[in-house]
1. What's the total number of residues in the range A:94-127 that are farther than 30 Å from A:Y194 by Cβ and in a helix (DSSP H, G or I)?
2. With surrounded by 22 or more Cβ atoms within 10 Å (Cβ to Cβ), assigned to a loop (DSSP other than H, G, I, E, B) and either within 44 Å of the chain's Cα centre (by Cα) or within 14 Å of chain B (Cβ to nearest Cβ) (or both) as the only criterion, which of A:C65, A:C39 stands out?
3. For the range A:510-542, which residues satisfy the criterion of being of a type in the set (K, R) and assigned to a loop (DSSP other than H, G, I, E, B)?
4. Kindly indicate whether A:V324 is among the aliphatic types (A, V, I, L, M), more than 30 Å from A:L193 (Cα to Cα) and either modelled with pLDDT of 70 or more or surrounded by 21 or more Cβ atoms within 10 Å (Cβ to Cβ) (or both).
5. (1) surrounded by fewer than 17 Cβ atoms within 10 Å (Cβ to Cβ); (2) farther than 24 Å from A:Q806 by Cα; (3) among the hydrophobic types (A, V, I, L, M, F, W, C); (4) in contact (Cβ under 8 Å) with a residue 24 or more places away in the chain: which one isn't true of A:V759, the others all being true?
6. Show me the helices (runs of 4 or more DSSP H) found entirely inside the range A:644-758 where at least 2 residues are within 46 Å of the chain's Cα centre (by Cα) and either among the basic types (K, R) or modelled with pLDDT of 80 or more (or both).
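The values are calculated or read from the model by the stated rules, or taken from the named source; none is laboratory data. Source: prediction; values computed, not measured. Virtual Cβ from ideal backbone geometry, glycine too; neighbours counted across all protein chains shown.
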Amino acid sequence: MGLFRRKKKEDVHKDDFMMASGMYLGKADIKNGHIVLNCFLRALIVFFLVLGTIGGFLSAFDIPCNYLIVISVFLILSMYFSFLYATTRFIYRDLGYILFFGLFIVMIFVFRIYANSGFYYVVNKVLDRAKTFFDLPGVREYEVQIGNNVLTVSIAACFIGMVMIIVLNIWMYSIMSVFWTLLFTFPVMFIPLYMKMSPDPIYMVFLTIGYFCVFVFRANGHYVLFAWDSKFKVKGIRKKRVTYTQDAGVFWQLILSLSALFLVTVFVTSAVVIPTEFERRFKSDRLRSKTSDTIGNFLLLGFSSFFDKYPNTAGMSGGKLGGVSNVRPDYLTDLNVVFVPYGNDAIYLRGFVGGEYGDNEWTDAFGYENEPDFESEFNKYSLGQEKDLLKNDNGKYHAKAYMEIRNVGAATEYLYYPYYTEFDAETKKNIEGEEETLFRNGSTKKYEYYPKVVWEEELGALTPDKIDKSNVSGVYLEVPDKNKEVIDEMCKKIGLDASMTEYEIVDKVRTFFAENYPYTLKPGVTPEGSDFVNYFLTKNKKGYCAHFASSSVLIFREMGIPARYVEGYAFSMEEVFTSDEAEGLEASDYYSGYSALGDAPVMNVEVSDANAHAWVEIYVDGFGWKTVEMTPGSNEETEEDDFWSAFGAFMQGGADDDGGFNMNGLNLSLSSLSGIVFVIIGLILLVVLIYIVRIIIRKIRRYMLMHQTNKRDALIARYSYVCDLLRVCNDDFDKYRSHRDQLTFMKETYDVDMDIDEVTELIERMSFHDDMSDEETFNRISQLMHVIKKNIKKKSSLKNRVKMIQK
Amino acid sequence: MKKIRNLIRYIIVIILDIFMMVVFHSYLNFILLVGLLLFPLYSIIGVYQARAHAGISISAPLEPMVRGEEFLVNIHVLNDSFFPLVNVNVNLNVSNSFYRFTGEHVLNIPFRAKHKTKVAYPITMDNCGRFYCEVKTLSFVDILGIIELEKKVDACTQCLVIPTSDEMNAEAGQIYFKGVSEAVESKDKGFDYSDISGIREYIPGDKLQNIHWKLSAKGDDLMVKERVNVSAMQLNVLISLANNEDMCVEGVLELADGIMKAFVKQNMPFTVYYYSVNRGELVGEHVINDIERRQLIEMLLYDVCHDESIDVEDMFIAKHQGLGSYLYIGQNDGSADDGNSIVGTRNTVAVLKHSGHA
């Protein structure tokens, strides 16, 4: 009977577009060029992008390569993968991919040594350039097995190009994504560009034409191409657009016109602005200098250089060394210091004193003096003898002072006190009690101390061998065996000898460091197994205060000067003078005696974690322990430590110091925006994540409901799922209240072949009576629901399909 | 929305390029920046040029097409500029003027430089009528996809779609003779002769033989002679073009066409009356051959069907009371008997009726 059944009206015009009532449009026709030409043009874009990227990279590093082989392989592969879409069925395309992957495996097996050698050769070349550019102490060199570099690099380039072609080709034919294309190709160029290597212009022209083509087709559409596509498609929610699928002619003309436009741009721009002149417009290269340490560390140490072994904000490290890659101060107040300034020297607040060095750590010096009781041990440790000397000095430089220190946010396990403090009994008791917390946040301590305003010239004027060390623990002269060799060499290199006085040695070492070892907050972590001091002195050759202080201590000890490592807070007089006066406090209550500054007011200094510091104490004959500063001045402006800040500063005219590249007009402050942007992006990602998790949970629940052992409930869940999908697509579905109405709607709208009466009866029976013992009925209705679900999805718009995912 | 998205995407690319240029001091990015700034200029100039040099023509078959038969409407869009565009939108309005069915949609085509894009539109009409297609505007999207320009054009085409019908020679002949024997002949006018009662402007569907060629040659418009046409031996046929939800007028046209074909084949002259919505009155046309029959069908289709509130029978009886029998073709009200009627599709019927004597 079915053979003679007349087609229904809607069947006759099933594939037609109804332009008006009773008026149908069949398959519109246009001469849009052969599919092969279309595929060829698309292959050209992929070819341009891949050749531009790989050719640009190789040419930038002057890496020799047989471009005839590379271009031929890229072109053939681009064509091959593109023409897979010119086949008339999906299966042929899939077979084409499978065939190629088989071939790929064979080729990679046959040419693996060539490919490896080529790849290693390229890596070696890049690292070699990096070594010069980043001034790295040494980089790993990979062994190249085959000496014919031109051939091996060409083969390696072909293999890398293959992967790029496959991925780009899929994107070209499905999403034509500007973002992914850029992400997949341009980052490769970052490496030469960062190291000031310029790719050959011809590859840049290829790359740029490729980008423009991707952009234009993404913006205009008509890039999805399959051989089985009709020439026109009806689109739009209300099907109001008859739109062509693709056209080789316009594609071809666009590629030509874009190529012409860009070639003209390149030639004209090159003639007007010469590359060397362009570079000269940038008077400073602060952004590179800000990031070069991090990148250099990465090249040297790999990803481990990015990870800190303990918190990397500034502040006390308690003698732990080498675990921080980048120090990032938070600039929040750690201490509040109220005192009267008395001289121009920086104020040091002792927190931690390191005695013995080993395993990249200074151990607490307390207890090294081997004194019989706590009182005398603590007295020595806390410079009680020096304090007594100053306290009892009745000379004209005698001074007595008080300092109030409030712990706002500093580590609580340390006391922070000025040099030559007289401790009260309560504090000593606390320390003796070995409590973890010595200085609670929010608490204030007031110290009586005796500042040494003037240092006599004879102090430190002895050679180390003449210093009376009888009063000093031997620990302060120890140099671990594994550092000995390096330290000896350093002493020679610096030019130290036994005839020099203490001060001369200190000065020499300080000058040496200042001239040869730059200060940076981003030195990178010390590699696993390396010694902190040795690594700093011989390889990394850059660092922050802990590096300089630790190394200096060992050098001084090696030279016979008792020395120890100290951590705490230090602030300059400049910071003091820019602070507020402490109102209502009398200077006479805080200071009496000689002052190099005359009558100074009581100052209230806010000390942040950026003031956390490490320095050295040396023992000088005739007095005792005194501080020496070994850290060279920083060229880094801490406000611009992060990349965005630096970039923001640059955009605000950082490069314009000499009338150079002026971007003041833009008035961009990315530094201030970056935080907000990151927070916003973070929030958005969080919302998206929550959303996705919710959908997944819902899906899992739904799946469990639909596959539960109780068949009746499982079937109800399936029916309810179909209804939910229908609600997404049809606003008025809810007006169908009965099962019969709902099923009739499904049948009519989604062309489902079913007997309404029978299915209605089954569903009602299942809904209202617990009757679902029949496996066959269950399977039938499940199958029916599956078909309806498929038809709903098939007939839904993209927007509705997205909404359905949430169901 | 898409345009804004494209613009934002482009701005992001420019910002990224500036960023890289600043970070790397990269000359490559500088050239790219120049390209990125020039490209919108090229794109905008391109779209303006393409618009200025664009033209469109549409054509449909001159001969009437049969209902359900596919015919091609050719849309030719010319780009005489050197700038290609990926998206040009042809805003099409289509209609069936007989039913007053209208629809509009956008035809999206590529726009190659120095090229005429030809699109063949295969159209099928399920209903008779006059297919009318017009393009009032073309819109041009630049290759960056950020601006869209419109151009006013005036291109249109039309094609008549006529009913398909079987000739009903036997039934029609029988009815004809019954109807004619009872017809009242005019005593004032001669057999097969018509008097000219006036001159008027040509209306599509008018017979060619009625064109007043001499008068037409003097002016710009075609003029036709209006005739008072009364045949000595003829049947009066009243066609009701009243339509309903079931599209019964399709059945009426099909039935009328079949009967008229049979009359013409058997050399039976007849006069057809119908209510013209365009003229607002009952119109009568005398038909003696196949050319006139086709012209009459075309005249009907150039007109507009009306709703059921207009009763053509009443009008006819009021106007032509003395004409005696007439063949009514219209919706079947159930009053027809087997001997005097022919049943058509969609519940339509041709039935012999009496207008009554004066």
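1. Step one: filter the range A:94-127 for residues farther than 30 Å from A:Y194 by Cβ, giving A:94-113.
In the following step, the residues that additionally are in a helix (DSSP H, G or I) were identified as A:94-110, A:112-113.
The number of residues fulfilling the criteria is 19.
2. Working: A:C39 fails: assigned to a loop (DSSP other than H, G, I, E, B).
None of the others qualify; the one that does is A:C65.
3. To start, the set of residues in the range A:510-542 that are of a type in the set (K, R) comprises A:510, A:522, A:539, A:541-542.
Passing the criteria: A:K522, A:K541, A:K542.
4. Values: among the aliphatic types (A, V, I, L, M): yes; more than 30 Å from A:L193 (Cα to Cα): no; either modelled with pLDDT of 70 or more or surrounded by 21 or more Cβ atoms within 10 Å (Cβ to Cβ) (or both): yes.
Here the answer is no, as A:V324 does not meet what is asked.
5. The one condition A:V759 does not meet is (1).
6. Numbers: elements: A:670-706, A:711-729, A:739-750.
Because the criterion is at least 2 residues that are within 46 Å of the chain's Cα centre (by Cα) and either among the basic types (K, R) or modelled with pLDDT of 80 or more (or both), the helices (runs of 4 or more DSSP H) in the range A:644-758 that meet it are A:670-706, A:711-729.
Table: residues versus (1) within 7 Å of chain B (Cβ to nearest Cβ); (2) buried (at least 19 other Cβ atoms within 10 Å of the Cβ); (3) farther than 30 Å from A:M19 by Cα.
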{"site": "A:K196", "(1), (2), (3)": "no, no, yes"}
{"site": "A:V205", "(1), (2), (3)": "no, yes, yes"}
{"site": "A:V214", "(1), (2), (3)": "no, yes, yes"}
{"site": "A:V224", "(1), (2), (3)": "no, no, no"}
{"site": "A:K235", "(1), (2), (3)": "no, no, no"}
{"site": "A:T243", "(1), (2), (3)": "yes, no, no"}
{"site": "A:Q253", "(1), (2), (3)": "yes, yes, yes"}
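Residue by residue, here is whether (1) in contact with a Gly (Cβ under 7 Å, 6 or more places away or on another chain); (2) without any contact (Cβ under 8 Å) to a residue 60 or more places away in the chain; (3) not in a loop (DSSP other than H, G, I, E, B); (4) not acidic (D, E) holds:
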position: A:G315; (1), (2), (3), (4): no, no, no, yes
position: A:N336; (1), (2), (3), (4): no, no, yes, yes
position: A:L349; (1), (2), (3), (4): yes, no, yes, yes
position: A:P372; (1), (2), (3), (4): no, yes, no, yes
position: A:Y402; (1), (2), (3), (4): no, no, yes, yes
position: A:G409; (1), (2), (3), (4): no, no, no, yes
position: A:Y414; (1), (2), (3), (4): yes, no, no, yes
